[in-house]
Amino acid sequence: EFSPISGSRGEANLVMSCKFCKRESSASISGPPQSYTKNGEFATVTQIECRGIDPVAFEPRGEWKAKSAESNSRFTFSLDENEWYDYDDDAGETVSVSNIEAQFVRGRQQK
């Protein structure tokens, strides 16, 4: 979903204006989601281009998809409760997403 950026031909996933100074800021997800396979380690899941704002928190809402590392089983689930548990019948093991932590890392500016 995109919204137009005023005074520009561009658009962004999030466009907002400060109610005090009226300055417009935007954020756009750049590129498709990336796979995450390492348990217990931080990994890049997506990149967000922010202009005029700095993200401070991540809340994993909505629908998520996963593929088992041990089989070809695929799962669709919600992380609205910040955790998910299921059973992979093909692998005979439990699968889960829990103890979610996020960090934002400032990337290099592209010129």
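Structure summary
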{"item": "Test: residue in the stretch 45-64 that is hydrophobic (A, V, I, L, M, F, W, C), over 25 Å from SER26 (Cβ atoms) and either open to solvent by less than 70 Å² (accessible area, probe 1.4 Å) or modelled with pLDDT of 90 or more (or both)", "result": "no"}
{"item": "Counted residues, the stretch 1-33 - those being of a type outside the set (Gly, Ala, Ser) and surrounded by 11 or more Cβ atoms within 10 Å (Cβ to Cβ)", "result": "12"}
{"item": "Cβ pairs under 7 Å, 6+ apart, first in the stretch 57-73 and closer than 12 Å to GLY92 by Cα and free of Cβ contacts under 8 Å to residues at least 40 places away in the same chain, second open to solvent by less than 40 Å² (accessible area, probe 1.4 Å) and not in a strand (DSSP E or B)", "result": "SER68/ALA91; GLU70/ALA91; SER71/ALA91; SER73/ALA91"}
{"item": "Condition met for THR76 (surrounded by fewer than 12 Cβ atoms within 10 Å (Cβ to Cβ) and not in a loop (DSSP other than H, G, I, E, B))", "result": "yes"}
{"item": "Output for the stretch 1-50, where each listed residue is closer than 29 Å to ASN99 by Cβ and charged (D, E, K, R)", "result": "LYS38, GLU41, GLU49"}
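The values are calculated or read from the model by the stated rules, or taken from the named source; none is laboratory data. Everything numeric in this text was worked out from a predicted model, so none of it was measured. Quick reminder, even Gly has a Cβ in these numbers, built from the backbone with ideal geometry, and neighbours come from all protein chains shown. When the accessible area is computed, the model is the full protein with side chains, heavy atoms only, and any ligands, DNA or RNA have been set aside. Shrake-Rupley method; radii C 1.70, N 1.55, O 1.52, S 1.80 Å.
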